[in-house]
Amino acid sequence: SATGNVTVAGSGYEETLLSYFSKINYSLLDRYLLSFTARYDGSSKFSKNNKFGFFPSASLGWRISKEDFMQSVQSISDLKLRVSWGMNGNSNISTNATRDTYSANYASTAYHIDGADQGTMPSGYYLTHRGNENLRWEASEQIDVGVDIGLFDQRLYGTFDVYHKITDGMLYEPAYLGTIGEGGYTWLNAANMTNNGFELAVTFNSRPNAKFSYSITGNVAANKNTIDDLPKEVIYSYGGNGLGDNILGRPLRSIYGFVFDGIYQNQQEVDEGPEQGNKGVGRMKFKDLDGDGRITEEFDRTWIGIREPDLTYGLNSYLKYKGFDLNIFLQGVMGNDVYNDYKLLSDFYNTGVIAGRNHTTRVLDAWTPSNTSSTIPALSITNINEETGRNSTYFVESGSYLKLRNIEFGYTVPANISKKAYIQNLRVYVSAENTLMICKRWGDNAFTGVDPEITGDYANAYDRPAVFTFGINATF
């Protein structure tokens, strides 16, 4: 139906992984346990000098409950001490990470030096990525000490682990200074990181063959993360002001920005406040951290939040009485911050208006001369004072929550009834997912968004759907 030029384009890549693996397990008298593993992994993504990485691991176990001196302790049915050490490798980089790559682009490369127009010229090439032949495997080394214990014939049992993990040479492709020119993107072994923490899980079961049976499992874990070392090429890629304040010694997912200091209530406060572009009555104030009387990017930003939780926890319960059964799964986190940029829609009228997006009713409580108690700045159709463009504590809120992930209630029809219909087993059930969330909705640092788990994309910050299910399981 038509004629014209058709352009067909495509791309592809090839990568190869070669691994050697060996494992030894040894058990003496079912009391003394030894395991050793060795991996030798090679990837085509690295240059010939660094293609392979060696990642060994070893573990020791002592089943104390098998010792003769423990036989008189009837309440302890199982007790094992564990110690392990090991390494893992990561090669998650692009296939061209060690090579310079070029791209053909007529508009960017075909031009006459003297500016004369002499018709169509051959296209040239420009550098899009600089290779790094010194790239090596990212390596994680971890030591773990743990104990497994069972009490009262395993009615109560649990595990407790403490670990220390060091990640060396994290693979990262940072942004680069514009003064470098074309092709500044380069993969680097860009950071060293440490994680310390513990994990605890405990299960409590009913007696065997009890009319009312149950199994309740609770778990809690904590982790502390710090960045220990950064090469100069990426020292500010993870946050900071570029003048000495950087993320070293802090968690990887820390938040950097200004400190929100309330709303200007009158002209006197505006006049007495630090110098700040387009400040005015009803606008946001920021703290002058260095005390020089001006709000600047260089000296008035600081570390304002940590995304990693202090604790993660969960509770899984299974209850059964006669033909009825009930499953409940709760999960939560505590002590973390989230950057709630959903406030760009809920608190500011100038965000998303052009795209036809709606706003929440929070904007109805924005500051006005007759509503001076509001902490929401006065509405504006423009981004006055760069309030929506600055990272600040105004958007940092509590990320703690407790969620009812799933609840299921079922009934198994007695066999003497179901077999009359030639059904060996018949169970009906109803379940619900994501029906309850408890988070901090009051006081300082209260969460004002949709869901603490869903932040970072204000345009798509939709709640997780609640799902209700009715089902029948039948075995013939």
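The values are calculated or read from the model by the stated rules, or taken from the named source; none is laboratory data. Predicted model, so just to flag it, every value in this text is computed and none were measured. Neighbour counts run over all protein chains shown; Cβ positions are idealised from the backbone, glycine included. Protein only, heavy atoms only, side chains kept; ligands, DNA and RNA dropped before computing areas. Shrake-Rupley method; radii C 1.70, N 1.55, O 1.52, S 1.80 Å.
The residue list THR435, THR475 contains one member that is at pLDDT 90 or above, among the hydroxyl-bearing types (Ser, Thr, Tyr) and surrounded by fewer than 11 Cβ atoms within 10 Å (Cβ to Cβ), which is THR475.
Residues are listed down the side, and each one gets a yes or a no for (1) open to solvent by less than 60 Å² (accessible area, probe 1.4 Å); (2) in contact (Cβ under 8 Å) with a residue 60 or more places away in the chain; (3) closer than 26 Å to SER370 by Cα:
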{"residue": "PHE260", "(1), (2), (3)": "yes, yes, yes"}
{"residue": "PRO274", "(1), (2), (3)": "yes, no, yes"}
{"residue": "LYS279", "(1), (2), (3)": "yes, yes, yes"}
{"residue": "ARG283", "(1), (2), (3)": "yes, yes, yes"}
{"residue": "LEU289", "(1), (2), (3)": "no, no, no"}
{"residue": "ASP292", "(1), (2), (3)": "no, no, no"}
{"residue": "ARG301", "(1), (2), (3)": "yes, yes, no"}
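Exactly one residue out of LEU81, LEU60 is open to solvent by 40 Å² or more (accessible area, probe 1.4 Å) and touching a Phe, Trp or Tyr at 6+ places or on another chain (Cβ under 6 Å): that is LEU81.
Of the residues ASN92, ASN88, the single one that is at pLDDT 90 or above, closer than 30 Å to VAL202 by Cα and under 29 Å from the mean Cα position of the chain (by Cα) is ASN88. If the condition is being open to solvent by 100 Å² or more (accessible area, probe 1.4 Å) and more than 30 Å from SER103 (Cβ to Cβ), then the range 1-23 contributes SER1, TYR20, PHE21, LYS23.
Of all the numbered requirements in (1) more than 34 Å from the chain's Cα centre (by Cα); (2) free of Cβ contacts under 8 Å to residues at least 40 places away in the same chain, LYS51 misses one, and that requirement is (1). Scanning the range 155-190 for residues that are in contact (Cβ under 8 Å) with a residue 60 or more places away in the chain, over 22 Å from ASN225 (Cα atoms) and open to solvent by less than 70 Å² (accessible area, probe 1.4 Å) returns GLY183, TRP187. Of GLY240, GLY249, all but one fail to be open to solvent by less than 40 Å² (accessible area, probe 1.4 Å) and on the phi > 0 side of the Ramachandran plot; the exception is GLY240. Taking (1) assigned to a helix (DSSP H, G or I); (2) within 23 Å of ILE306 (Cα to Cα) in turn, GLY443 satisfies each apart from (1).
One residue alone among GLU408, GLU453 is touching a residue at least 40 places away in the same chain (Cβ under 8 Å), more than 16 Å from GLY332 (Cα to Cα) and acidic (Asp, Glu), and that residue is GLU408. The combined condition, being open to solvent by 30 Å² or more (accessible area, probe 1.4 Å) and in contact (Cβ under 8 Å) with a residue 24 or more places away in the chain, is fulfilled by GLU386. Each residue in the range 196-213 was checked for being without any contact (Cβ under 8 Å) to a residue 40 or more places away in the chain and either among the small types (Gly, Ala, Ser) or part of a strand (DSSP E or B) (or both), and 4 of them qualify. Test ASN434 against the stated conditions and say whether it is within 31 Å of the chain's Cα centre (by Cα), closer than 17 Å to LEU330 by Cα and not hydroxyl-bearing (Ser, Thr, Tyr). Yes: the conditions hold for ASN434.
Going by the structure shown, is ILE381 crowded, with 17+ Cβ neighbours inside 10 Å and β-branched (Val, Ile, Thr)? No; evaluated as a whole, the condition is false for this residue. Could you check, for the range 228-237, whether at least one of its residues is assigned to a strand (DSSP E or B), modelled with pLDDT under 95, surrounded by fewer than 17 Cβ atoms within 10 Å (Cβ to Cβ) and out of contact with any Phe, Trp or Tyr (no Cβ under 8 Å at 6 or more places or on another chain)? Yes, the conditions are met somewhere in the range 228-237. Residues in the range 438-472 that are of a type in the set (Val, Ile, Thr) and touching a strand residue (DSSP E or B) at 6+ places or on another chain (Cβ under 7 Å) were compared, and the one that is modelled with the lowest pLDDT is THR455.
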